[in-house]
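Working notes for the structure below.
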Amino acid sequence: MSRLLVTGRQKLSGETYVQGAKNSALPILAATILTKGENVIYNCPELSDVEASLGILRYLGCDVRRSGQTLLVKADDVKNYEIPDVLMRKTRSSIVFLGAVLARTGRAKLSFPGGCEIGPRPIDLHLKALREMGAVIKEKHGYLDCYASSGLKGTRVALSFPSVGATEDIMIAACLAKGTTTITNAAQEPEICDLADFLNKCGAKIYGAGEGVVVIDGVTALNSTAHTIIADRIVAATLMSCAATTGSEILLKGAVASHLASIITVFEDSDCKIKISDKGIRFSAPERLSTMHTVRTMPYPGFPTDAQAPLLAASCVANGTSVFVENIFENRYRHISELIRMGASIKAEGRVAVVEGVESLYGASVEAVDLRGAASLVVAALGAEGESEISGIKYLERGYENFEVVLSELGADIKKI
Ligand code: UD1
């Protein structure tokens, strides 16, 4: 099993391109199932979660080829409607294949999805919406058996929570439905807009993506297109956290400042300087961060739950006490016990974590148990005195492409063994 060896306290400097967004790539890959012809998808990161989606596409009958960050996907020969358990379990976002496969074939049979253990991750909102669109869904023996033999029908879907995955699933399914689908209380994340851009380029009629109400007029067929995945705002936030914990200055090329507004505010409040230009985002941290005050995770445009772990790690060495309130997932503080091994002073109860900044963390042997928690351990290790060994990096590799290479190029002392 691979591990990361990190010797902390090295300054970072220079510039790096922020990789393409995993959370855009996954639904866009699922959406290719609806299209005819060859799609060219640029800036698609090489990650285990992306590979899992490609595995599903191939199983369904798609022709998939990769050349570096570019993917060629052709779904003309899709006939299969069943996704085996072993493929579904590899990633949580495999559930967005439900709407796509159902819309394409009128039938879908798949098991409940897997993904990181960060709390209960129900799919009731997906199922309720698809049923409202006319799907017959039977749940038995851990499988979902779904039919829409005469196609899905446009309808009004009111989400009780702006779920990212449910919004994407419904948007994809609605593209080929008969009539108009209106989603209220839709998720507004930038990845929703990226998915809508991709689908609209293929001939879909999606209006209002990125707002609370999304309207989709069904069409009879979708073409293929060429599309570039947006930069990953959570990777950008993690790199900022790495610079923050080492008192460094770096340039994040390709990062989109408007997608990072709630994160930039937190860093500015803790005395980091951020300059936005055509080149990207220049991030400059003080020798020691000031407190982050209170950070509450919320649906976009609020502070993202995925950035909580890396920023919490940076706050461990801030001058003062920071408070984090996790409102999206219940079990998202699993990195805290490992950060405490490195000398952090954190008390967590329920949704709240109180971090009393210490002057320095020290290197330790720590283990990652989920994706963003793994990133937080890298952030902490970079700022810690001495050497850390991080195991469980398969979690990191779900969402960060060659992260140790990116960080070494910026000057970090980090290697994979
Ligand atoms: C997506 C992101 C993930 C991010 C999360 C929140 C992808 C591939 N993953 O996950 O990185 O952390 O958004 O920004 O894009 N919920 C229900 N019923 C449902 C669906 C969701 O109760 O049917 C609840 C979840 O348990 C959770 C909340 O809604 O408490 C948010 O989940 P959701 O927005 O759906 O997250 P994902 O799409 O799984």
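Table for the structure above
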item	result
Relative pair counts by distance (%), Cα atoms of the range 120-209, 10 Å bins	17, 49, 30, 4
Spin-label pair K205/K138, simplified geometry with 7 Å Cα→Cβ offset, distance in nm	3.6 nm
Pairs beyond 28 Å (Cα-Cα), from K90/K128; K22/K347; K74/K415; K74/K109; K74/K178; K22/K205	K22/K347; K74/K415
Theoretical gain in end-to-end length, R296 to E51 [0.36 nm per residue, Cα-Cα removed]	85.0 nm
Label point distance in nm, V352-S337, each placed 7 Å from Cα along Cα→Cβ	2.3 nm
Translational diffusion of the range 1-128, µm² s⁻¹ [Kirkwood Rh, Cα pairs; Stokes-Einstein; 10 °C; 1.306 mPa s]	99 µm²/s
Separation of alpha-carbon centers, the range 237-270 and the range 202-221, rounded to whole Å	32 Å
The range 59-102, Rg to Rh (Cα coordinates; Rh as Kirkwood inverse mean 1/r)	0.99
Phi to ³J(HN,Hα) by Karplus 6.51 cos²θ - 1.76 cosθ + 1.60 over the range 86-92, Hz, x for Gly, Pro	4, 7, 4, 6, 5, 8, 5
Enclosed volume per residue, in Å³, of the convex hull spanned by Cα atoms of the range 327-417	102 Å³
Over the range 207-337, volume per residue of the alpha carbon convex hull, in Å³	142 Å³
Taking V354, V256 and counting other C-beta atoms within 10 Å, the order from fewest to most	V354, V256
From phi via Karplus (6.51, -1.76, 1.60), per-residue ³J(HN,Hα) for the range 364-370 in Hz, x at Gly/Pro	7, 8, 10, 10, 7, 10, 7
Ranking of R104, R341 by count of other Cβ atoms within 10 Å, fewest first	R341, R104
Radius ratio Rg over Rh of the range 1-48, counting only Cα atoms, Kirkwood formula for Rh	1.18
The range 39-87: equivalent-ellipsoid semi-axes (sqrt of 5 x gyration tensor eigenvalues, Cα, Å)	19, 14, 6
Two-decimal ratio, the chain, of alpha-carbon radius of gyration to 2.2 N^0.38 Å	0.98
222 nm mean residue ellipticity, helices alone, for the chain (DSSP H n ≥ 4; -39,500 (n - 2.57); rounded to 500)	-9000 deg cm²/dmol
Paramagnetic label zone (point 7 Å from Cα along Cα-to-C-beta, Y59; backbone N under 14 Å) in the range 86-107	86-98, 101
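Only the coordinates and a few stated rules stand behind these numbers; no lab work does. Note that this is a predicted model, so its numbers are computed, not measured. So basically every Cβ, Gly included, is an ideal-geometry build from the backbone, and we count neighbours across all protein chains shown.
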